[in-house]
Amino acid sequence: MKLPLLRRTAPLSHWKSPLSFPSSTSPHRHFFVSLSRAVVRSLYQRRCLCSKMAMSQVVVREPDLLDRKKASIRNAGTSKLQVIADFDGTLTKYWCNGARGQTSHGLLQQGNAEYDAKRQMLYDYYHPLEISPSIPIEEKTKLMEEWWEKTHGLLIEGGLTYDAIKKSVADATISFRDGVVQLFEFLEEKDIPVVIFSAGLADIIEEVFRQKLHRSFKNIKVVSNRMQFDERGCLVAFKGKTIHVFNKNEHAIDMAAPIHDEFGNLDGSDVNGTFVKDRTNILLLGDGLGDLGMSDGVSFENRIAVGFLNSNIEKSLKDYSEAFDIVYLNDASMWGVFNLVSELCSTNQ
Ligand SMILES: [Mg+2]
């Protein structure tokens, strides 16, 4: 088994590991990168045995490969770069004020206890099927469509209003990771588009942006399930095809409903995704292995995949470190990604 190389890319103020590996700009870097497998294995095993994995912040399994990708992306320039991000547990914290952070779907309270309970019953039935390792993906896809459509039906039947969404977000335990705002500001300044893919609800995600960040970003588009309200603010329908966990990828841009016209410049004029299709370098941010599929609709030249491993760290680290180029552990901040993007956009390397 190839073992992950632990490496620091986060700024010192955010680095909690007792292991002090130098940054990529250090003249000593090559020494550390070429540490023998035995030494790395020894460090790795000791950390596992001592259950100290939780203390490390970031894992890069193949630093040389990552460096090559970084150099290619930097050389191609910012006009070729796009960011594709998952929302829940990626842009938002897994833990929020000591409690498990809510998801954009999970925070919704219809203001109708009967229907909230009905949606919970659907969750209790379908969620185990979603994560079951024994159900083939085609079957799961059908089940997920069933689940999403039943849930959307309940939201309409139960009389969801936009006011209930606003109240749900105001009452929710949800917040963005530290550094997300600065990351978005930097990307906006560089004209780098960000596509947020979510199997949740676009209207809720946008309300979270409004209430938690109090601002919009002209470079950000949310591709998710979008609601249609009548003049009284009551939900009457969903627009476009249902986006669920197994079809959440750049093909979804084509089937998604027009982007909300009251949020930044998300005016629906580019719903076919042309604003990202010619950007063949991708920085992908996700917190689940399935999030890697978000770039499936793009024939990319380079992709750096960053994974946030929020729970079950010791059990999942091997899979994550093999699937993602960089893995941040323990509900890390977004500062490491901010530094990475700064590097990718630098012209002085
Ligand atoms: Mg997620």
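Values computed for the structure shown
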{"read-out": "Helices (runs of 4 or more DSSP H) within region 153-257 that include 3 or more residues within 16 Å of the ligand (Cβ to nearest atom)", "value": "202-208"}
{"read-out": "Those residues of region 70-88 which are out of contact with any Leu (no Cβ under 7 Å at 6 or more places or on another chain) and crowded, with 21+ Cβ neighbours inside 10 Å, in sequence order", "value": "Gln82, Phe87, Asp88"}
{"read-out": "Tabulated pairs, region 109-132, first over 17 Å from Leu235 (Cβ atoms) and touching a residue at least 12 places away in the same chain (Cβ under 8 Å), second in a loop (DSSP other than H, G, I, E, B) and of a type outside the set (S, T, N, Q), C-beta under 7 angstrom, 6+ apart or interchain", "value": "Leu129/Ile135; Glu130/Val245"}
{"read-out": "Answer from Glu189, Glu185, Glu139 - the residue that is out of contact with any Phe, Trp or Tyr (no Cβ under 6 Å at 6 or more places or on another chain) and modelled with pLDDT under 95", "value": "Glu139"}
{"read-out": "Looking only at region 77-104, and only at residues there that are more than 25 Å from Leu289 (Cβ to Cβ) and among the hydroxyl-bearing types (Ser, Thr, Tyr), the one that is farthest from the ligand (Cβ to nearest atom)", "value": "Ser79"}
{"read-out": "Residues of region 203-243 classified as of a type in the set (Phe, Trp, Tyr) and either without any contact (Cβ under 8 Å) to a residue 40 or more places away in the chain or within 21 Å of Asp178 (Cβ to Cβ) (or both), total", "value": "2"}
{"read-out": "Tabulated pairs, region 88-102, first among the acidic types (Asp, Glu), second away from the ligand (no atom under 12 Å from the Cβ), C-beta under 6 angstrom, 6+ apart or interchain", "value": "none"}
{"read-out": "Any hit, region 64-76, residues being within 16 Å of the ligand (Cβ to nearest atom) and among the polar types (S, T, N, Q)", "value": "no"}
{"read-out": "Identity of the residue in region 286-315, surrounded by fewer than 17 Cβ atoms within 10 Å (Cβ to Cβ) and polar (S, T, N, Q), that ends up nearest to the ligand (Cβ to nearest atom)", "value": "Ser311"}
{"read-out": "Pairs, first farther than 24 Å from Asp331 by Cβ in region 298-319, second surrounded by fewer than 17 Cβ atoms within 10 Å (Cβ to Cβ), C-beta under 6 Å, six or more apart", "value": "Asn302/Ser72"}
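One line per residue, one yes/no per condition, for (1) buried (at least 19 other Cβ atoms within 10 Å of the Cβ); (2) more than 18 Å from Leu187 (Cβ to Cβ); (3) at pLDDT below 90:
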residue: Leu201; (1), (2), (3): yes, yes, no
residue: Ile205; (1), (2), (3): yes, no, no
residue: Lys221; (1), (2), (3): yes, no, yes
residue: Arg232; (1), (2), (3): no, yes, no
residue: Ala237; (1), (2), (3): no, yes, no
residue: Asn249; (1), (2), (3): yes, yes, yes
residue: Ala256; (1), (2), (3): yes, yes, yes
residue: Phe263; (1), (2), (3): yes, no, yes
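The values are calculated or read from the model by the stated rules, or taken from the named source; none is laboratory data. Keep in mind that what you see is a predicted model, and the values were worked out from it rather than measured. Neighbour counts run over all protein chains shown; Cβ positions are idealised from the backbone, glycine included.
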